Amino acid sequence: MYKDRKGQWRRGAGDGNVGHIVIGGRAASGPDGVAFWQAKDWDEVEFAVLGGAPFINVYNLWDCGNGVIHSWMNGAAMIVEEIPNGRRYRCNDGEADEDFDDIVFRLERGY
């Protein structure tokens with residue numbers, strides 16, 4: 001299992017729009033949406049949002065090492081900043097701290 005920069009659990013971001021995310025020409029959404037896990041092997045993921053999705057539902061998530069995906073609990077929170085062509089997300093995970101540096105990512109429109 002990949003350990004993050006702090007030596008903790010793996011972290012990522014999710015989208016709850018079931019059936020609307022496509023990566024490399026293939027539907028990527030599972031029954032609860034799609035999870036993008038932080039990894040040391042890539043810095044960028046390109047994906048498409050299929051028509052009919054009026055918005056994407058972005059949230060932070062983490063796996064403490066037992067295979068269970070956690071989100072929306074304990075210290076989970078995010079700060080969203082507008083950037084050119086998108087948004088930057090600075091997130092906390094389930095640890096009770098307020099540093100907003102556990103999961104940091106951005107979404108940019110690629111038109």
Worksheet item: Pulled fully out, how much extra length does the chain show between A48 and R109, if you take 0.36 nm times their separation in residues and subtract their Cα-Cα distance?
Response: 21.0 nm
Item to complete: Return the sequence-ordered ³J(HN,Hα) values of region 66-81 in whole Hz as given by the Karplus equation 6.51 cos²θ - 1.76 cosθ + 1.60 applied to θ = phi - 60°, using x for Gly and Pro.
Response: 9, x, 8, 8, 10, 6, 6, 8, 6, x, 4, 6, 8, 10, 10, 10
Discussion item. So if I place +1 on the C-beta of Lys and Arg and -1 on the C-beta of Asp and Glu, and nothing else carries charge, what would the dipole magnitude of region 46-111 be about its Cα centre? I want it in debye, nearest 20.
Written reply: 420 debye
Discussion item. Can you give me the distance in nm between label points at N57 and R26, each placed 7 Å from the Cα along the Cα-to-Cβ direction?
Written reply: 2.4 nm
Worksheet entry | Tail weight of P(r) past 16 Å, computed on alpha-carbon pairs of region 54-102, percent | 45 percent
Discussion item. Report the gain in length on full extension from V68 to D101: 0.36 nm times residue separation, minus Cα-Cα distance, nm rounded to one decimal.
Written reply: 9.7 nm
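The numbers here are math on the coordinates, done by the rules we state, and not lab data. From a predicted model like this one, the values you see are computed outputs, not experimental measurements. Cβ atoms come from the backbone with ideal geometry, glycine included; neighbour counts cover every protein chain shown.
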